[in-house]
1. On the given criteria, is residue 41 surrounded by fewer than 21 Cβ atoms within 10 Å (Cβ to Cβ) and under 25 Å from the mean Cα position of the chain (by Cα)?
2. Starting from region 37-56, take each residue that is free of Cβ contacts under 8 Å to residues at least 60 places away in the same chain and list its partners that are within 6 Å of the ligand (Cβ to nearest atom) and part of a strand (DSSP E or B), counting only C-beta distances under 6 angstrom and pairs at least six apart or across chains.
3. Find the strands (runs of 3 or more DSSP E) located wholly in region 486-582 whose residues include 2 or more that are at pLDDT below 85, and list them.
4. Specify the residue that is nearest to residue 237 (Cα to Cα); the eligible residues are those in region 122-135 that are within 16 Å of the ligand (Cβ to nearest atom) and in contact (Cβ under 8 Å) with a residue 60 or more places away in the chain.
5. Here are 272, 248: which of them is assigned by TED's automatic domain parsing to the domain that holds residue 144 and modelled with pLDDT of 95 or more?
6. Those residues that are in a helix (DSSP H, G or I) and away from the ligand (no atom under 13 Å from the Cβ), I need them from region 72-121; list them, please.
7. Would you pick out the residues in region 143-158 that are crowded, with 22+ Cβ neighbours inside 10 Å and assigned to a helix (DSSP H, G or I)?
8. Would you confirm, using the coordinates I've provided, whether residue 143 is touching a His at 6+ places or on another chain (Cβ under 7 Å) and within 16 Å of the ligand (Cβ to nearest atom)?
Amino acid sequence: MSRDSLEAGRFGLGAGHVLLSAEWLPPGTRVERWEVVGRLGAGGYGTTYSVRRAGRARGRLYALKLSRRPGERWFAREAALLARVRHRAVVRLITHGIWRLGPVEHPYLVMEYVEGESLYEWALARNPTARQVALLLAQVLEALAAAHARGAMHRDFKGDNVQVTLDGKVKLLDWGAGWYAGAPTLTQTARLPPGSPRYYSPQLLRWRASAERRPGALEPYTYSVADEMYAVGVTFYRLLVDQYPALPWLVPIEPLVSQGLGSLKDLNPRVPTLLESIILRLLAFAPEQRPEGTASVAREVRRALAVADAAWEAPLFGWRERTSSGSRTTLEAAEAKGPVMPGQEVALREARARHVEEVHRLREVRELRQRDPAKVAEVEARAFRAARGGGWRSHPLRWAVVPVLLAGLLLAGLASWRLEHVPGVVAPVPGVQQMAPSPGPYQARAPLAGEALPPALFQQEKEDMTLRAPRQAAVNSSPVRAGALGKLKRCTLAAGAVAFTACAGAQIRPDPTRCPEGALEAMRKLSMNETGSASILTDINQPGNNSEELIVRDGPIVSLTVESYGDLPTGTRLYGQLWTGGGRVTGRYTRAELPDRRVIPVCLVYGNLDGGEWLPGSKAGAVRMPRTWAYRVVHAFP
Ligand SMILES: Nc1ncnc2c1ncn2[C@@H]1O[C@H](COP(=O)(O)OP(=O)(O)OP(=O)(O)O)[C@@H](O)[C@H]1O
């Protein structure tokens, strides 16, 4: 693929050409003077990529957010806002511009690249202490105070938009919904600020309810600092008690007005009283009862930290016991009786179901920690080392590879000897394309230490889901072409097991196969439409920095979704098979294990219909691919 063809908006895929999409730019694509390294994710308005300055292969990483729609005006506003709000805890704007992709113009922003994880991921992986949470709260409030002092507001504050760096510093991301005094009005029709309903304040919800009764009214909602504070309150409430506060529209309002939300300590006795009182004031039902300004609350948190006692140093959640009523969700409690706003019934039912699912997931993570804290600690340490760039050299399994390689060497020599000496094995068969046997999707490799395989499917499903691999069978049990044999022999003899794997790189994609009815049905139930797609981490066994590449080989693969699609949530494991021959990596996933351990049959391909092209530096048997890529829903494997 030439750079020119990338810049022209087209790139080669097998025999044909497809249009380059702003949502799925492959690594190496040039966006003006920036070169795409990987895809970080997609939001409401655009897709964010990690990039480097073109021509600086080892240069610093940046985050480039590219608009989905041509001429998106929110981008200029986000750039203007970020240029105004310069603060150590606000993501720094480097530049912005417009990229021509074919005939259309896509605005983009380049920001500092913030290595770390979202606030919610950070908390889930660490079981932090109240002190650690309060330190982050103080930083968040200081960043917002800086914005408010310059007349700007984030308007979509939530834990997902807060990145925590490896050294525990906070950066507020995604100011795309933000606003500043004097900002141009972008829509004449939208009356609610863009944002996430979970974090809407009671006054905003009330306004929405009354606006729905006055459909002709045109005035937009005036978002205020009090709304922003409420969103901060929701975020830190969730961190401290592992559930969201009661939604003002789902519970009877009178008790909320008169008594507030109720004690956080009832939900988690480990929340210090001072911290609890700050959060409850951020979440006060009436806006005028919330604190005066974000800067003053930040100072209050810092003062509380200065006098914090030992209770602030304990992890917020125990390994052994559940939080008292943490297992009861607000939504479960409200399910039967909460008043529902007219017209919101279906949306609410769905939101409730999603929330209950989310609570189950959170609970599972906590239980995993309880069952096996050592394993969780080990996984975290491994991810941390990888993120630090320790990579393979510091991988705990590196010594285990030595005996495996030695055994492989022996087997490869033996295989070669057998092929040469057993009569009748060699005879020409036209059309055989695969040179080396590859395990089917259910002959997964032995799990790595601690890695659980998903529960097995029922036999029937299993048969339905097994990919037909006639060519592979031919290699295993039938004669192969003399030329192919010669190549296989040369490979195996040349360098033993390592070269044997390398020769497996000669495999190309398997035959087209229909998708079993069971998988089609399961995907339909999850609202996964054909051609739908979402991001994945290519290989859960190779943790590390998302912006770096990894090495893939022929054989089974377990990927992890990092973006939801339809009702297939983030955190789903996809079980499948990769083929790396012919300069491309093709993959098929046939099973998905949801975070709640349900296993369903699926038909998904790795990347797009033609898989992905080898990245530079690949060689047969060790192919470089982006660590973050995507799956695509298919109704038949191409
Ligand atoms: N400056 C950055 N450095 C590192 N990662 C970033 C940066 N900006 C965004 N990301 C990551 O890129 C992904 C996509 O971000 P984006 O802002 O496009 O959408 P989002 O925040 O996921 O969704 P939404 O805008 O709908 O809330 C997120 O996972 C985010 O953490």
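The values are calculated or read from the model by the stated rules, or taken from the named source; none is laboratory data. What you see is a predicted model, and the numbers here were worked out from it, not measured in a lab. Reconstructed Cβ throughout: ideal geometry from the backbone, glycine too, with neighbour counts over all protein chains shown.
1. In short, yes.
2. Matching pairs, first to second residue: 48/40; 48/41; 48/63; 48/65.
3. Qualifying strands (runs of 3 or more DSSP E): 533-537.
4. Looking only at region 122-135, we keep the residues that are within 16 Å of the ligand (Cβ to nearest atom), and these are 122-125.
Filter again for in contact (Cβ under 8 Å) with a residue 60 or more places away in the chain, leaving 123-125.
On the way: 123: 12, 124: 14, 125: 17 Å.
So, considering only residues that are within 16 Å of the ligand (Cβ to nearest atom) and in contact (Cβ under 8 Å) with a residue 60 or more places away in the chain, the one nearest to residue 237 (Cα to Cα) is 123.
5. Details: 248 fails: modelled with pLDDT of 95 or more.
Going through 272, 248 in turn, the sole match is 272.
6. Correct list: 76, 77, 79, 80, 81, 83, 84.
7. 143, 144, 147
8. yes
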